[in-house]
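K.L.:
The structure under discussion is supplied below as structure tokens; questions concerning it will follow.
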Amino acid sequence: MATWSAPGKVFLFGEHAVVYGKPGVAMAIKPRVFVTVRKSRNPTRPRSPYINECFKRMGVWGSVYIRSQLQSSSGLGSSAAVTVATLCAINDEFGLGHAREDIADMAFTIEKKVQRGRASPTDTYVSTNGGIVLISGDARRRLPPQGLQLVVGNTMVPHSTTKMVEMVGDLRAKRPEIVDPILDAIGAVTFAALHSIHNPKELGRCMDMNNALLEALGVGHPTSSRLILAARASGAYGAKITGAGGGGCIIALCPKRAKNRVAGAIEACNGRAIITTIDTVGARKEKHD
Ligand code: PMV
């Protein structure tokens, strides 16, 4: 029996714009998914196309048990974390000898297949390797870890990444003269943020600007706006939608002393708050009996 875990992620900057080749920055966060795989003649496992694909790719069969600290369909990368942890646990349980890079590649192929071609390698890369990652076109580069203090606010409004990406694509086709400059501006904010990575106040300001641009793309939601405003009013340096928007989650960058207050303000708006920071480990072995 092998148990592995893999972390979720947030987009710090640049979601949607990354789909059009602009830079984006994503970070692994502490909440994780734990997956146990056991060799078995009569395998039992949760009904999940991601898990089925993991076994198909690896060419073996086994039982699976999942425990998750990440809510699905909230933009925190839970499907990528499940896929990565499942592949790692299968690899370990059956002694298949795949390297970490193979796992990240396989996980991306699986996400892409299950999501009918609409997946960027960001979630699976970040979940496998942990840390902060700069995405630019097809390139992924790990950045030095930063002790950013974040509060994630889950609106509890489920969203569909595919639908939101499609919506921005349609708007761009209809109004390229407006949408292209917005995407360029998001790219510029991401670069500015990279230069201010050690200055939380400035980074917070960049988050606020990034959020305004996401709203302009139409991926806002009344509930996420409420949580963002509450987080700022209770002392966050800045706050923004994270991921595809249209519900899902927001992130607030906070001074350490304000984290609990910000989390309380989010909960008072009926959001679910998670106080978290960077995960630098990525996929991790928990147990092998
Ligand atoms: O909602 P999430 O966490 O899956 O993020 C989607 C981010 C997008 O930029 C909108 C799409 C993508 O594949 O990068």
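K.L.:
Filtering segment 224-249 down to residues that are within 15 Å of the ligand (Cβ to nearest atom) and of a type in the set (Ser, Thr, Tyr), which residue is nearest to the chain's Cα centre (by Cα)?
P.N.:
Going through the qualifying residues, I end up with THR242.
K.L.:
Residue by residue through segment 79-107, note down the ones that are open to solvent by 20 Å² or more (accessible area, probe 1.4 Å) and among the hydroxyl-bearing types (Ser, Thr, Tyr).
P.N.:
Answer for segment 79-107, where residues must be open to solvent by 20 Å² or more (accessible area, probe 1.4 Å) and among the hydroxyl-bearing types (Ser, Thr, Tyr): just SER79.
K.L.:
Would you tally the residues in segment 210-261 being β-branched (Val, Ile, Thr) and at pLDDT below 95? Give the derivation first.
P.N.:
So in segment 210-261, the residues β-branched (Val, Ile, Thr) come out as 219, 223, 228, 241-242, 250-251.
Okay, now just the ones that are also at pLDDT below 95, so none.
Total satisfying the criteria: 0.
K.L.:
Only one of these is under 15 Å from LEU70 (Cα atoms), more than 15 Å from the ligand (Cβ to nearest atom) and open to solvent by less than 50 Å² (accessible area, probe 1.4 Å): VAL151, VAL157. Name it. Outline the logic, then answer.
P.N.:
On the way: VAL157 fails: more than 15 Å from the ligand (Cβ to nearest atom).
The conditions single out VAL151.
K.L.:
Give me a count of the residues in segment 241-263 that are in a strand (DSSP E or B) and within 14 Å of ASN154 (Cβ to Cβ). Give the steps one after another, and end with the answer.
P.N.:
Of segment 241-263, the ones in a strand (DSSP E or B) are 241-242, 249-253.
From the residues that got through so far, the ones that are within 14 Å of ASN154 (Cβ to Cβ) too are 241-242, 249-252.
Final tally of qualifying residues: 6.
K.L.:
Now a separate question. Please work out which residue is surrounded by the fewest Cβ atoms within 10 Å (Cβ to Cβ), limiting yourself to segment 9-25 and to residues that are within 9 Å of the ligand (Cβ to nearest atom) and closer than 29 Å to ARG67 by Cβ.
P.N.:
Filtering segment 9-25 down to residues within 9 Å of the ligand (Cβ to nearest atom) leaves 9-11, 14-19, 24.
After this cut, where a residue has to be closer than 29 Å to ARG67 by Cβ as well, the list is 9-11, 15.
Details: LYS9: 30, VAL10: 26, PHE11: 28, GLU15: 33.
Looking at residues that are within 9 Å of the ligand (Cβ to nearest atom) and closer than 29 Å to ARG67 by Cβ, I get VAL10.
K.L.:
Could you please let me know if ALA216 is in contact (Cβ under 8 Å) with a residue 24 or more places away in the chain and open to solvent by 40 Å² or more (accessible area, probe 1.4 Å)? Don't jump to the end; show me each part of the working.
P.N.:
On the way: in contact (Cβ under 8 Å) with a residue 24 or more places away in the chain: yes; open to solvent by 40 Å² or more (accessible area, probe 1.4 Å): yes.
In short, yes.
K.L.:
Which pairs turn up if I take residues in segment 268-282 that are of a type in the set (Ser, Thr, Tyr) and look for partners that are open to solvent by 70 Å² or more (accessible area, probe 1.4 Å) and assigned to a loop (DSSP other than H, G, I, E, B) with beta carbon separation below 6 Å, at least 6 apart in sequence or on another chain?
P.N.:
Close Cβ pairs (under 6 Å, with a partner that is open to solvent by 70 Å² or more (accessible area, probe 1.4 Å) and assigned to a loop (DSSP other than H, G, I, E, B)) amount to THR280/PRO145.
K.L.:
Testing ALA28 on (1) open to solvent by 10 Å² or more (accessible area, probe 1.4 Å); (2) away from the ligand (no atom under 12 Å from the Cβ); (3) touching a strand residue (DSSP E or B) at 6+ places or on another chain (Cβ under 7 Å), one condition comes back false. Which one is that?
P.N.:
Here ALA28 meets the rest and fails (1).
K.L.:
Residues in segment 92-111 that are of a type outside the set (A, V, I, L, M) and either outside any helix (DSSP H, G or I) or free of Cβ contacts under 8 Å to residues at least 40 places away in the same chain (or both): how many? Talk me through it step by step, then tell me what you get.
P.N.:
Filtering segment 92-111 down to residues of a type outside the set (A, V, I, L, M) leaves 92-95, 97-98, 100-102, 105, 108-109, 111.
This time we only want the ones that are either outside any helix (DSSP H, G or I) or free of Cβ contacts under 8 Å to residues at least 40 places away in the same chain (or both), so: 94-95, 97-98, 101-102, 105, 108.
Matching residues across segment 92-111 total 8.
K.L.:
Looking at ILE186 and the list (1) within 11 Å of the ligand (Cβ to nearest atom); (2) open to solvent by 50 Å² or more (accessible area, probe 1.4 Å), which single condition is not satisfied?
P.N.:
The number of the failed condition is (2).
K.L.:
Working only within segment 120-148, note down all residues that are within 12 Å of the ligand (Cβ to nearest atom) and among the acidic types (Asp, Glu).
P.N.:
Within segment 120-148, just ASP123 meets the criteria.
K.L.:
Only one of (1) under 18 Å from ASP279 (Cα atoms); (2) in contact with a helix residue (DSSP H, G or I) (Cβ under 7 Å, 6 or more places away or on another chain); (3) open to solvent by 10 Å² or more (accessible area, probe 1.4 Å) is not met by TRP61, so which one is it?
P.N.:
Here TRP61 meets the rest and fails (1).
K.L.:
Here is a follow-up. Evaluate the following for LEU213: is it within 15 Å of the ligand (Cβ to nearest atom) and either over 16 Å from ARG272 (Cα atoms) or not assigned by TED's automatic domain parsing to the domain that holds ILE135 (or both)? Full working, then the answer.
P.N.:
Values: within 15 Å of the ligand (Cβ to nearest atom): yes; either over 16 Å from ARG272 (Cα atoms) or not assigned by TED's automatic domain parsing to the domain that holds ILE135 (or both): yes.
Criteria met by LEU213.
K.L.:
Go through segment 68-78 and give me each residue that's in contact with a Lys or Arg (Cβ under 9 Å, 6 or more places away or on another chain) and either open to solvent by 20 Å² or more (accessible area, probe 1.4 Å) or not in a loop (DSSP other than H, G, I, E, B) (or both).
P.N.:
Hits for segment 68-78 are SER68, GLN69, GLN71.
K.L.:
Return the residues of segment 233-275 that are open to solvent by 10 Å² or more (accessible area, probe 1.4 Å) and polar (S, T, N, Q); say none if nothing qualifies.
P.N.:
SER234, ASN260, ASN270
The values are calculated or read from the model by the stated rules, or taken from the named source; none is laboratory data. Since this is a predicted model, take the numbers as computed values, not measurements. Because the Cβ atoms are built from the backbone with ideal geometry, glycine has one as well, and the counts that use them run over all protein chains shown. For accessibility, only protein heavy atoms count, side chains too; no ligands or nucleic acids. Shrake-Rupley method; radii C 1.70, N 1.55, O 1.52, S 1.80 Å.
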